[in-house]
Amino acid sequence: MNDTLERDDLQLLGNFFAAGLEPVAPPPALKALIMTAVRGIPQDSTILRAHEGRWTKIEDGVRVKTLSFDRERNTATLLMVLEPGSTLAEHSHHGAEQTFVVSGSCRIGSLSLRAGDFHTAGAGSHHGTVVSDEGCELLLVVDKDDCLAA
């Protein structure tokens, strides 16, 4: 038997205790501060802090973190890191892929990219091995199906 409370247990307890509380209006000055802060946050927005999210190893020296999914466009935004000397095998794309080199450099087949460069591969495209001699960080927007296949 485990004496540690699981997330579902904590949620159940939280709901139980919350149901027994009577709502209390905050003091007017506090409510004004809260409302001012809330108005400054764009609606329907999320933040993923640098230390949040999960890195997934996809090949030796290559890892990726999903930043977001856009259900309307069926795309995923990813951060990919290639360690110095690492490679990512050649592959095909179901949908389009947009790549921005945040730092470092890499080669996609015979195409060289450096920090600040932007590259687009169209839907159905195939490109050669990705190689990074010095290491790089890439921001990618890809078709969600391509992301789930990785």
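The values are calculated or read from the model by the stated rules, or taken from the named source; none is laboratory data. These numbers were taken from a predicted model, which means no experiment stands behind them. No Cβ is skipped: glycine too gets one built from the backbone with ideal geometry, and neighbour counts run over all protein chains shown.
Which residue, of A89, A96, A25, is exposed (fewer than 13 other Cβ atoms within 10 Å of the Cβ) and closer than 20 Å to H127 by Cα? Reasoning before the result, please.
Numbers: A96 fails: exposed (fewer than 13 other Cβ atoms within 10 Å of the Cβ); A25 fails: closer than 20 Å to H127 by Cα.
Checking each option against the conditions leaves just A89.
Would you pick out the residues in the stretch 47-84 that are within 11 Å of the chain's Cα centre (by Cα), part of a loop (DSSP other than H, G, I, E, B) and either at pLDDT below 90 or surrounded by fewer than 13 Cβ atoms within 10 Å (Cβ to Cβ) (or both)?
I47, L48, R49, A50, E52, R54
Of everything in the stretch 105-118, what is assigned to a strand (DSSP E or B) and modelled with pLDDT of 95 or more? Give them in sequence order.
Restricting attention to the stretch 105-118, the residues satisfying the condition of being assigned to a strand (DSSP E or B) are 105-108, 111-114, 118.
Scanning the stretch 105-118 gives S105, C106, R107, S112, L113, R114, F118.
So, in the stretch 104-134, of the ones that are surrounded by 17 or more Cβ atoms within 10 Å (Cβ to Cβ) and of a type in the set (S, T, N, Q), which residue ends up nearest to S92 (Cα to Cα)?
Ranking the qualifying residues of the stretch 104-134, first place goes to S132.
Please identify the pairs in which a residue from the stretch 71-99 that is more than 9 Å from V142 (Cα to Cα) has its Cβ atom under 7 Å from the Cβ atom of a residue that is of a type in the set (K, R) and at pLDDT 90 or above, counting only partners at least 6 apart or on another chain.
From residues that are more than 9 Å from V142 (Cα to Cα), the pairs are L79/K65; V81/R63.
Report whether or not E137 is under 30 Å from I47 (Cβ atoms) and surrounded by 14 or more Cβ atoms within 10 Å (Cβ to Cβ).
Details: under 30 Å from I47 (Cβ atoms): yes; surrounded by 14 or more Cβ atoms within 10 Å (Cβ to Cβ): yes.
Taking the combined requirement at face value, the residue satisfies it.
Exactly one of these conditions fails for R63: (1) more than 25 Å from L140 (Cα to Cα); (2) assigned by TED's automatic domain parsing to the domain that holds E137; (3) not polar (S, T, N, Q). Give me its number.
(1)
Among the residues that make up the stretch 9-20, is at least one of them out of contact with any Lys or Arg (no Cβ under 8 Å at 6 or more places or on another chain), assigned to a loop (DSSP other than H, G, I, E, B) and over 23 Å from I108 (Cβ atoms)?
Of the stretch 9-20, the ones out of contact with any Lys or Arg (no Cβ under 8 Å at 6 or more places or on another chain) are 9-20.
The next check asks that each one be assigned to a loop (DSSP other than H, G, I, E, B); those that pass are 20.
Add one more test, that the residue is over 23 Å from I108 (Cβ atoms), and what stays is 20.
Checking the stretch 9-20: at least one residue is out of contact with any Lys or Arg (no Cβ under 8 Å at 6 or more places or on another chain), assigned to a loop (DSSP other than H, G, I, E, B) and over 23 Å from I108 (Cβ atoms).
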